[in-house]
Amino acid sequence: MTGAAAPAIRPDHVVPERIHALELLREMLRIRRFEEKAAELYTGGKIRGFLHLYIGEEAVAVGTMQALTAEDAIVATYREHGQALARGIPAGALMAEMYGKANGCSRGRGGSMHFFDVTRRFYGGHAIVGGGLPVAVGLALADTLQRRTRVTACFFGDGAVAEGEFHESLNLAALWKLPVLFLCENNLYAMGTALARHQAQTDLCRKAESYGLCAERADGMDVLAVEAATRRVAEAVRLGLGPHFLELQTYRFRAHSMYDPELYRTKDEVEQWKSRDPITTFAARLRDCRLLSEADLADLEAAVTAEIDDAVRVAEEGPWEPVEDLTRDVYTPVSRS
Ligand SMILES: Cc1ncc(C[n+]2csc(CCOP(=O)(O)OP(=O)(O)O)c2C)c(N)n1
Ligand SMILES: [Mg+2]
């Protein structure tokens with residue numbers, strides 16, 4: 001520190017515990033740097049297929065994950081790199097998956113949109129909008145029938161509320177009081193369509209309430225707010241109070257996928273949201289509270305860079321699936337001849 005006067009701690013600042021705060025920051029940085037590297041590798045032709053970046057939304061994956069235990073299940077969408085990293089799937093297994101290598105978390109058969117890791121109870125990665133919701137209801141039903149006290153956390157976007165599965169899943173979960181935590185990542189757009197252009201009712205909590213769920217919303221750009229809200233609702237689900245709905249208001253800074261001319265939003269709007277960047281605002285807040293020094297930040301960045309470099313190495317060195325495995329896991333009727 002130089003001799004400059006230290007900034008005052010603002011009254012609206014809740015001072016988090018230092019170790020935990022640095023962990024939250026580190027997790028968000030891991031996601032940001034992992035995705036920046038993925039974008040670079042995509043441009044270089046190392047990663048192919050679809051790639052949907054989560055940049056700008058990191059506080060949602062990191063904040064929510066704090067409230068979940070290793071026993072809980074996670075179901076996510078195709079924009080799931082952040083959830084997978086925050087859940088603890090090694091970055092190398094994720095990078096290798098995007099390369100299509102056999103050491104990827106889905107053996108290279110899923111790619112960016114289909115991360116899967118049963119050992120960590122991470123059940124996708126779903127490319128179909130709304131497709132994860134019935135899976136989450138099924139997982140929660142299994143837990144209920146087997147009398148296990150677990151939560152199934154289901155992430156989905158604002159676009160999913162237009163799908164039949166959203167309504168069917170919320171209805172069944174509420175009817176059977178299943179332990180599902182519905183986590184709606186409302187980033188205002190479904191590809192290029194703003195919520196108000198496809199929904200008569202844009203208050204997503206009201207939609208959930210209409211099925212009998214308790215619903216609340218939180219600022220998805222503030223990792224502490226996300227964590228606090230998720231802890232509250234996850235606890236209620238865990239206590240057997242039925243499914244809950246949490247809307248996280250957030251924003252993606254990048255295009256919908258790697259190809260998107262972004263004609264549906266203004267540069268001004270994007271810049272305004274970028275001024276609320278969950279990483280830089282949280283780092284500034286920690287500096288204000290004197291929980292973070294420049295040296296701490298440099299250490300975090302160095303550790304994250306080393307991890308991402310290693311993930312790329314794991315992907316580069318990983319094997320391709322042998323050609324003999326071409327029909328493995330492919331259903332074919334037995335020939336009767
Ligand atoms: C059933 C279905 N319909 C259409 C698509 C094409 N599609 C891919 S992503 C997307 C938008 C989804 O938006 P949202 O749920 O808000 O998630 P976000 O991309 O904003 O994270 C659409 C329509 C699809 N994958 N599945
Ligand atoms: Mg969306």
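The values are calculated or read from the model by the stated rules, or taken from the named source; none is laboratory data. All figures in this text were calculated on a predicted structure; none of them were measured in a lab. Virtual Cβ from ideal backbone geometry, glycine too; neighbours counted across all protein chains shown. Heads up: the accessible areas ignore ligands, DNA and RNA and are worked out on the full protein's heavy atoms, side chains in. Shrake-Rupley method; radii C 1.70, N 1.55, O 1.52, S 1.80 Å.
So here's what we get for this one:
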read-out	value
Qualifying residue in the range 314-329 (condition: within 26 Å of residue 29 (Cβ to Cβ), in contact (Cβ under 8 Å) with a residue 40 or more places away in the chain and out of contact with any Phe, Trp or Tyr (no Cβ under 8 Å at 6 or more places or on another chain))	yes
Counted residues, the range 142-183 - those being more than 16 Å from ligand 2 (Cβ to nearest atom), of a type in the set (Gly, Ala, Ser) and either farther than 18 Å from residue 120 by Cα or in contact (Cβ under 8 Å) with a residue 12 or more places away in the chain (or both)	5
Those residues of the range 280-320 which are farther than 24 Å from residue 251 by Cβ, in a helix (DSSP H, G or I) and not acidic (Asp, Glu), in sequence order	295, 298, 302, 303, 305, 306, 311, 312, 313, 314, 315
Selected residue (only one of 234, 225, 215, 284 is closer than 30 Å to residue 22 by Cβ, without any contact (Cβ under 8 Å) to a residue 40 or more places away in the chain and aliphatic (A, V, I, L, M))	284
Pair list, Cβ under 7 Å, 6 or more apart: the range 188-207 residue under 20 Å from residue 220 (Cα atoms), other residue open to solvent by less than 60 Å² (accessible area, probe 1.4 Å) and away from ligand 2 (no atom under 13 Å from the Cβ)	205/215; 205/216; 205/245
Residue list for the range 126-141, filter: part of a helix (DSSP H, G or I), among the β-branched types (Val, Ile, Thr) and either within 16 Å of ligand 2 (Cβ to nearest atom) or out of contact with any His (no Cβ under 8 Å at 6 or more places or on another chain) (or both)	137
Residue in the range 142-163 that is farthest from residue 217 (Cα to Cα), counting only those that are open to solvent by 60 Å² or more (accessible area, probe 1.4 Å), in a loop (DSSP other than H, G, I, E, B) and not β-branched (Val, Ile, Thr)	146
